[in-house]
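Notes to accompany the following structure.
The values are calculated or read from the model by the stated rules, or taken from the named source; none is laboratory data. Please read these numbers as outputs of a predicted model, since none were measured by experiment. With ideal geometry, Cβ positions are generated from the backbone for all residues, glycine too; neighbour counts draw on all protein chains shown. Surface areas here come from the heavy atoms of the whole protein model, side chains and all, with no ligands, DNA or RNA. Shrake-Rupley method; radii C 1.70, N 1.55, O 1.52, S 1.80 Å.
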Amino acid sequence: MPTLIPAPTRIQSAGNKPKLIDEYFGRVTSQHDDISIAHMRSPGGWIEPGQTPQFREFTVVLRGLLRVHHRSGILDVRAGQAVEVGAGEWVQYSTPEPDGAEYIAVCMPAFSPANVHRDGV
């Protein structure tokens, strides 16, 4: 039987500025540990600590630009584009443009503070 998720759960973000994270599926909202799906809205100038997560992350940018720093360089992912980051790969996300960005992130297995492995934590 299909399961309705009546509303997402607001999750606290990391980074230098507040970012909105609304989890629709994942460890908090639906008790899934194999996948998380969240709607993100980051302000202009937002940057989060680097991380080496134990999950694959698939991100679809809906509006603006999401910058992805990685060991080999930088990817600028714009609205209508997507990026995949493999488990165990170091990355750092930011939204450098004034209007920020809006995107959907899918993590497999589900995101958790314990499996993101942020720099300096």
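Restricting attention to the stretch 1-19, which residues are surrounded by 14 or more Cβ atoms within 10 Å (Cβ to Cβ) and in a loop (DSSP other than H, G, I, E, B)? Working first, answer last.
Step one: list which residues in the stretch 1-19 are surrounded by 14 or more Cβ atoms within 10 Å (Cβ to Cβ), which gives 8-9, 11, 13-15, 17, 19.
The answer is PRO8, SER13, ALA14, GLY15, LYS17, LYS19.
For the stretch 90-121, give me each residue that is open to solvent by 80 Å² or more (accessible area, probe 1.4 Å) and either of a type in the set (Val, Ile, Thr) or in contact with a strand residue (DSSP E or B) (Cβ under 7 Å, 6 or more places away or on another chain) (or both).
Hits for the stretch 90-121 are ASP99, MET108, HIS117, VAL121.
Sort out which residues of the stretch 63-76 are surrounded by fewer than 17 Cβ atoms within 10 Å (Cβ to Cβ) and either over 22 Å from GLY88 (Cα atoms) or modelled with pLDDT under 95 (or both), and write them in order of number.
ARG63
Could we say that VAL60 is surrounded by 17 or more Cβ atoms within 10 Å (Cβ to Cβ) and in contact (Cβ under 8 Å) with a residue 24 or more places away in the chain here?
On the way: surrounded by 17 or more Cβ atoms within 10 Å (Cβ to Cβ): no; in contact (Cβ under 8 Å) with a residue 24 or more places away in the chain: yes.
Here the answer is no, as VAL60 does not meet what is asked.
Of all residues in the stretch 20-55, how many are open to solvent by 20 Å² or more (accessible area, probe 1.4 Å), in contact with a strand residue (DSSP E or B) (Cβ under 9 Å, 6 or more places away or on another chain) and in a loop (DSSP other than H, G, I, E, B)?
11
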